[in-house]
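What follows is a single structure, written as structure tokens, with notes after it.
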Amino acid sequence: MSGRVARILSAAADMPAAQWDACAGDDNPFTRHAFFAALEASGSAVARTGWQAAHIVVDDAAGVPAGILPAYLKSHSQGEYVFDQGWADAWERAGGRYYPKLQCSVPFTPATGPRLLLRDPAAAPVLLAAAETLAVQNGFSSVHATFLTPEQQALFAAQGWLMRTGEQFHWANDGYGDFGDFLAALSSRKRKAIRKEREGALADGLEIVHLTGAAITEAHWDAFWRFYQDTGQRKWGRPYLTRAFFTQVGATMGDRVLLMLALRDGRPIAGALNFIGGDCLYGRYWGATEDVPFLHFELCYYQAIDWAIAHGLARVEAGAQGAHKLARGYRPVATVSAHFIPDRGFRAAVADFVAREGEMVAADIDAMDMATPFRRG
């Protein structure tokens, strides 16, 4: 792979889907061509919103893509879920220009996955070197790769990137046969609390339906769009995704979409959107037009556990943050990101910060792990 020259794509659509997916594989729904294409074609992740695609590609000797590093030039730090605004403030106070930076991630998606999409593993160091060269030659402050898989963390570390630790809450399937088996693994008090929440969420006759593939209609997407807008406006001020994104992702990868709706007399009043991976169910968005006690927990956490058990999935990733997930059987886990900073002084300051932060995160994870609802001994 030595001697190969990297090229930059200004849109995922500039590469045939089959070539992209030959590098991405089929396990992670968020790294597939259809997902990036939906983000970009829908106007969700584009230059106007601060996400200018700059996907790095390395071809083999035959001119076929051997590896892809999906990346975006960012003019802000929103929609990433690994927060570096403090770094930006410090660098700009020192007289530097933090933006644009290069972000190697799936926009708006805090889910662990491969960031180096490799048909040929030998492409990995070439892609990383290309990202570094792109940053240095253009005067970018930094390059960031977020939510790395354990297997790929070593590739970034070997290249000398700074490694940063964060935390999320994931549910692990310990061979449960059904939801009752999961509850049996919890302490008596926690079992009773979860049963009470589930009964409370559905006490007034709500019906929960699971939809995937062609069963999801535009009317369903219209309903979910209302839910998503309500949650987005309360959390971020402006929802990240456009309405067109949902139509496109449903049309191009509907078999990887699981939409859970709560119906009152046949009318959707709340919904949770999930994506189906090879061994994981990824919870992404939720919203409601009625305030029903415990319905958020039911749709986003308990229904996801039910579905994962029934379909033999190893885990559920329920998105960023949220210590309230702990009481619902979701364990604290470490997440890892990698950061390339060309300026030596700035790098040294950030390295000190991430080392101290990592110690605090590790201690926090240890403390929260002792507070899980699972039976001891």
Can you confirm whether region 352-375 contains a residue that is in contact with a Lys or Arg (Cβ under 9 Å, 6 or more places away or on another chain), open to solvent by less than 30 Å² (accessible area, probe 1.4 Å) and among the hydroxyl-bearing types (Ser, Thr, Tyr)? yes
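I need a count of the residues in region 306-325 that are assigned to a helix (DSSP H, G or I) and either touching a Phe, Trp or Tyr at 6+ places or on another chain (Cβ under 6 Å) or open to solvent by 50 Å² or more (accessible area, probe 1.4 Å) (or both).
Initial filter on region 306-325 (assigned to a helix (DSSP H, G or I)): 306-310, 323-325.
Filter again for either touching a Phe, Trp or Tyr at 6+ places or on another chain (Cβ under 6 Å) or open to solvent by 50 Å² or more (accessible area, probe 1.4 Å) (or both), leaving 306, 309-310, 323-325.
So the count comes out to 6.
Evaluate the following for LEU148: is it under 18 Å from GLN321 (Cα atoms), open to solvent by less than 10 Å² (accessible area, probe 1.4 Å) and of a type in the set (A, V, I, L, M)?
On the way: under 18 Å from GLN321 (Cα atoms): yes; open to solvent by less than 10 Å² (accessible area, probe 1.4 Å): yes; of a type in the set (A, V, I, L, M): yes.
Considered against the rule, which asks whether it is under 18 Å from GLN321 (Cα atoms), open to solvent by less than 10 Å² (accessible area, probe 1.4 Å) and of a type in the set (A, V, I, L, M), LEU148 comes out as yes.
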Filter result for ILE208 (open to solvent by less than 60 Å² (accessible area, probe 1.4 Å), outside any helix (DSSP H, G or I) and under 30 Å from PHE374 (Cα atoms)): yes
Of the criteria (1) assigned to a helix (DSSP H, G or I); (2) under 20 Å from the mean Cα position of the chain (by Cα), which one PRO125 fails: (2)
Condition met for THR165 (of a type outside the set (A, V, I, L, M, F, W, C), in contact with a helix residue (DSSP H, G or I) (Cβ under 6 Å, 6 or more places away or on another chain), touching a residue at least 12 places away in the same chain (Cβ under 8 Å) and not in a helix (DSSP H, G or I)): yes
Is one or more of the residues making up region 303-325 charged (D, E, K, R) and either over 27 Å from THR31 (Cα atoms) or modelled with pLDDT under 95 (or both)? yes
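Restricting region 326-348 to residues that are of a type in the set (D, E, K, R) and under 28 Å from ARG189 (Cβ atoms), which is surrounded by the fewest Cβ atoms within 10 Å (Cβ to Cβ)? Reasoning before the result, please.
Restricting attention to region 326-348, the residues satisfying the condition of being of a type in the set (D, E, K, R) are 328, 331, 343-344, 347.
From what's left, under 28 Å from ARG189 (Cβ atoms): 328, 331.
Numbers: ARG328: 23, ARG331: 18.
Going through the qualifying residues, I end up with ARG331.
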Given (1) buried (at least 23 other Cβ atoms within 10 Å of the Cβ); (2) closer than 25 Å to LEU281 by Cβ, identify the lone condition not met by ASP26. (1)
Condition met for ASP255 (acidic (Asp, Glu), out of contact with any Leu (no Cβ under 9 Å at 6 or more places or on another chain) and more than 19 Å from ALA172 (Cα to Cα)): yes
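Among the candidates ASP230, ASP222, which residue alone is in a helix (DSSP H, G or I), modelled with pLDDT under 95, open to solvent by 20 Å² or more (accessible area, probe 1.4 Å) and on the phi < 0 side of the Ramachandran plot? So that I can check it myself, show each step before the final result.
Details: ASP222 fails: modelled with pLDDT under 95.
One residue alone meets the criteria, ASP230.
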In this structure, is SER44 modelled with pLDDT of 95 or more and closer than 29 Å to PHE346 by Cα? no
Where a residue in region 271-282 is among the charged types (D, E, K, R) and its partner, wherever it lies, is in a strand (DSSP E or B) and surrounded by 24 or more Cβ atoms within 10 Å (Cβ to Cβ), with Cβ under 7 Å and at least six apart: none
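The values are calculated or read from the model by the stated rules, or taken from the named source; none is laboratory data. Model, not experiment: these values are computed from the prediction. Here Cβ is always computed from backbone atoms with ideal geometry, including for glycine, and neighbour counts include all displayed protein chains. Each accessible area value is taken on the protein alone, full model and side chains, heavy atoms only, with ligands, DNA and RNA left out. Shrake-Rupley method; radii C 1.70, N 1.55, O 1.52, S 1.80 Å.
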